[in-house]
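Participant: So that we are looking at the same thing, I have put the structure below in structure tokens.
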Ligand SMILES: [Zn+2]
């Protein structure tokens, strides 16, 4: 975890400011393990293998499902699956998500899995990408995308994120909302993280519409 991004994060429970625990504030730029503490509610969050874990017990989804997804991603996608990569790549072309579009953009990918979507976004060189997943797949994503220093990885719930409101220019939530307890509530939460004029893409399995593309106004 890059120590600089702590200033851009908030406590998912109370939106308070976060700090790295004192014993780690020793001028290291990258932190592999330790704690993040909320200055307001004192909630502690672990950093595991360089990934901050913003999961609080009472907001976790069914643990079996979460673990199941992590295992599935790790078994199926130790690397980014070629078929899924191509599929997502085609979407980007279809929606004209070019390097020009991503210039200077702050991007969030929720339910990022092993990171295929984040990889395609990263190849277009945005200002930064935050990639979030509620399963161990996040560690696979981190490994797969280690070349991109502007991608930051988070273990956490897309319905209760450690991000500031009106922070992102672009959020991708394709085929993930149905994994949350209250998809509509999650969607509203994600919209609150978008800047005015920002974009959100999302879709649901089995929905008649394909990807829904929204511009916040
Ligand atoms: Zn807090």
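The values are calculated or read from the model by the stated rules, or taken from the named source; none is laboratory data. Please read these numbers as outputs of a predicted model, since none were measured by experiment. When we count neighbours, we look across all protein chains shown, and the Cβ atoms used for this are built from the backbone with ideal geometry, even at glycine.
Participant: Go through region 92-118 and give me each residue that's assigned to a loop (DSSP other than H, G, I, E, B) and more than 12 Å from the chain's Cα centre (by Cα). Reasoning before the result, please.
Facilitator: So in region 92-118, the residues assigned to a loop (DSSP other than H, G, I, E, B) come out as 95-98, 103-105, 111-115.
If the condition is that a residue be assigned to a loop (DSSP other than H, G, I, E, B) and more than 12 Å from the chain's Cα centre (by Cα), then 95, 96, 97, 98, 103, 104, 105 are the ones that fit.
Participant: Have a look at 35, 58 and point out the one that is outside any loop (DSSP other than H, G, I, E, B), touching a strand residue (DSSP E or B) at 6+ places or on another chain (Cβ under 8 Å), within 15 Å of the ligand (Cβ to nearest atom) and at pLDDT below 95. Working first, answer last.
Facilitator: Values: 58 fails: touching a strand residue (DSSP E or B) at 6+ places or on another chain (Cβ under 8 Å).
From the options 35, 58, the qualifying one is 35.
Participant: Restricting region 5-28 to residues that are more than 11 Å from residue 162 (Cβ to Cβ) and more than 16 Å from the ligand (Cβ to nearest atom), which is modelled with the highest pLDDT?
Facilitator: Checking each candidate, the answer is 28.
Participant: Applying the selection to region 164-217, what residues are in a loop (DSSP other than H, G, I, E, B), modelled with pLDDT under 80, out of contact with any helix residue (DSSP H, G or I) (no Cβ under 7 Å at 6 or more places or on another chain) and closer than 19 Å to residue 133 by Cα?
Facilitator: 175
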